[in-house]
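We did not get these values from a lab; they are worked out from the coordinates using the rules stated. Model, not experiment: these values are computed from the prediction. Every residue, glycine as well, gets a Cβ built from its backbone with ideal geometry; the counts of neighbours run over all protein chains shown.
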Amino acid sequence: MPRNPSQSCLGGRVLILEGDITAQPVDAIVNAANPMLYPGGGVSGAIHHAAGPELGRACESIRSQSHPEGVPTGEAVATPGFGLPARHVIHVVGPRWGQHGGREAELLAACYRNALRLARELGAESIAFPAISTGIYGYPPEEAARVASVAIREDLGAHEHPRQVRVVLHGESSLRTFIEHARFVD
């Protein structure tokens, strides 16, 4: 694969690439969050670190004001981007593989749809997603790529905004897996 490989889909509206989600030149980035919005490892830890301590305080405010029991799986909430290039961080809680009675695909698709809906509400023209739930939540990357790509394709088919969606993967192997298993065309 060439250095910094990527693939463009859906007439250029979707770009799949390897990179650092915290450095993407987009209006909103998606955080694969835990229900309490605490900084974790992986994508969540990187986003919290890059955004600075204000992000943690904004997440605490969400917990105390509207989600004291935690953000439900499949749902999305937003905070400012603070120290990030992105103006907004959209936090989604992905499903843990094997812990939702066979509803994992439905809940994962809801993460993508709800993030895209919230991006529209925020006026975001561009958004960057990680591969939600494929890390410590154990979702098989091949299946996650299929679910994510179908949810994104269907949403973009129904809406003009956001105009650009990036799927930002960590590592060449993850990028290859996503490109191989994504279903951006029927």
* Structure fact -> If each K or R counts +1 and each D or E counts -1, the residues other than TYR38 whose Cβ falls under 12 Å of its Cβ total 0
* Collect residues whose amide H, placed 1.01 Å from N in the peptide plane, falls under 5 Å from the amide H of ALA128; neighbours closer than 5 in sequence don't count. => ALA28, ILE29, VAL30, ARG166
* Structure fact -> Residues whose built amide H sits under 5 Å from the amide H of LEU169, excluding neighbours closer than 5 in sequence, are LEU17, GLU18, GLY19
* Between the range 80-99 and the range 107-178, how many Å separate their Cα centres? -> 11
* Can you list which of the GluC sites (Glu not before Pro) found in the range 1-97 are DSSP loop residues with at most 14 other C-beta atoms within 10 Å? => GLU69
* All other residues with a Cβ under 13 Å from the Cβ of ALA76 taken together, and with Lys, Arg as +1 and Asp, Glu as -1, what is their net charge? -> 0
* Structure fact -> Other residues with Cβ under 12 Å from the Cβ of GLU142 give, with Lys and Arg +1 and Asp and Glu -1, a net charge of +1
* Whole-Hz ³J(HN,Hα) from phi, Karplus 6.51 cos²θ - 1.76 cosθ + 1.60, for the range 19-33, glycine and proline x -> x, 9, 4, 6, 9, 6, x, 10, 6, 9, 10, 9, 9, 7, 9
* To do: Considering only ARG146, ARG176, ARG57, give the residue with the highest GNM mean-square fluctuation for the chain, with springs between Cα atoms whenever their separation is below 10 Å.
  => ARG57
* Mind checking which of GLY40, GLY83, GLY157 has the largest fluctuation in a GNM of the chain, springs on alpha carbons under 10 Å? -> GLY157
* **the chain: relative contact order in percent, alpha carbon pairs under 8 Å with at least 6 residues between** => 28
* **Computed [θ] at 222 nm, helices only, for the chain once each DSSP H run of length n ≥ 4 contributes -39500 (n - 2.57)** => -12000 deg cm²/dmol
* Asked: Whole-Hz Karplus ³J(HN,Hα) for the range 75-81, in order, using 6.51 cos²θ - 1.76 cosθ + 1.60 and θ = phi - 60°, x for Gly and Pro?
  -> 8, 9, 9, 10, 9, x, x
* To do: Taking all pairs of distinct Cα atoms, average 1/r, flip it, and tell me the Kirkwood hydrodynamic radius of the chain in Å to one decimal place.
  => 16.1
